[in-house]
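The values are calculated or read from the model by the stated rules, or taken from the named source; none is laboratory data. All values reported here derive from a predicted model rather than from experimental measurement. Neighbour counts are summed over all protein chains in view; Cβ atoms, including those assigned to glycine, are modelled from backbone coordinates with ideal geometry. The protein model used for the area step is the full one, side chains on, heavy atoms only, and it has no ligands, DNA or RNA in it. Shrake-Rupley method; radii C 1.70, N 1.55, O 1.52, S 1.80 Å.
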Amino acid sequence: MVRFITALITAIVFGASILHSQQAPTTIEFEFRVFGVGSDSFKGLYYFDGDTHRELKFHKSSRSIDTYSYKGILNFALFIRNPSYVPTNPNSEPYTQIAQAKIPTNIRESLLIIQAHPNNNLADQTDRKFELYFINDADSHFTRNSILIVNATGRDLIGRVGTTDSAFPRGISSPISYPDKEKSKTTRLAFALETEQGPRLVMSYDIQLSNNRRTVLVLLPPRDPKSTRISMRKLSQSIHEEEEPSQ
């Protein structure tokens, strides 16, 4: 009887643990800034910060001026105002979700790259589509004198940054460090697709990489659907060893 009771208690505790894990999804807290790339105005985009929907404000050539806070589940979502919202209808929602992505659990400070679909400027508000990329923006990870590649082309690439050969699968690369440079020096970037006939060059670019800065390069699909030549957005930020990152 004692064994039976012990087993019963164990089963109840185990079952309660499973039920609790199902009812309490993993949550995360982090701060982030945003940068938009692609064919969109990036107006009227919201996120839910854990209490309310907040509109995101973008800067055309740098990280957003505002830093945003998020507390919630790992599935981060973008929203727009619901054009069909009826305040008197309890089943009508004021916001409509249009994109989501899972947040990496190791991030507490992020730069969120929001990539717009090429057809967004021709689409209705509710048909806009976005891809989300969460960069670990802590200066202990993404340090001064480093470059980070976001491959948003939809294709796996291989490439070279200076003298460093790397694979660049879809998504975010690890930061690539470079030594202090003379002002006149440039760095060659090259990216290629692997084909049955061998690598096919899709971009070659000479970039000026300065000291005490860190640079994000977002690789984007070709502007011309008939071309294989990819495009790129560059985002550079001043950062010093003993100072907080600043624009």
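Mind checking whether some residue in region 167-174 is assigned to a loop (DSSP other than H, G, I, E, B), within 25 Å of Gly44 (Cα to Cα) and in contact with a strand residue (DSSP E or B) (Cβ under 9 Å, 6 or more places away or on another chain)? The answer is no, given that none of the residues of region 167-174 is assigned to a loop (DSSP other than H, G, I, E, B), within 25 Å of Gly44 (Cα to Cα) and in contact with a strand residue (DSSP E or B) (Cβ under 9 Å, 6 or more places away or on another chain).
Checking Ile158, Ile176, Ile135, Ile149 one by one, the residue that is of a type outside the set (Ser, Thr, Tyr), farther than 25 Å from Gln100 by Cβ, in contact (Cβ under 8 Å) with a residue 12 or more places away in the chain and open to solvent by less than 30 Å² (accessible area, probe 1.4 Å) is Ile176 and no other.
The residues of region 162-173 that are within 17 Å of Arg233 (Cα to Cα), open to solvent by 60 Å² or more (accessible area, probe 1.4 Å) and not hydrophobic (A, V, I, L, M, F, W, C) amount to a single one, Arg170.
Being on the phi < 0 side of the Ramachandran plot, at pLDDT below 95 and of a type in the set (Ser, Thr, Tyr): is that true of Thr26 here? The answer is yes for Thr26. All of Glu31, Glu55 fail the test of being of a type outside the set (A, V, I, L, M, F, W, C) and touching a residue at least 40 places away in the same chain (Cβ under 8 Å), apart from Glu31. At least 2 residues being at pLDDT below 95, in contact with a helix residue (DSSP H, G or I) (Cβ under 7 Å, 6 or more places away or on another chain) and aromatic (Phe, Trp, Tyr) is the threshold, and among the strands (runs of 3 or more DSSP E) wholly inside region 39-129 not one reaches it. Taking the criterion of being within 21 Å of Val150 (Cβ to Cβ), open to solvent by 20 Å² or more (accessible area, probe 1.4 Å) and assigned to a loop (DSSP other than H, G, I, E, B), the residues of region 187-210 that qualify are Gln208, Ser210.
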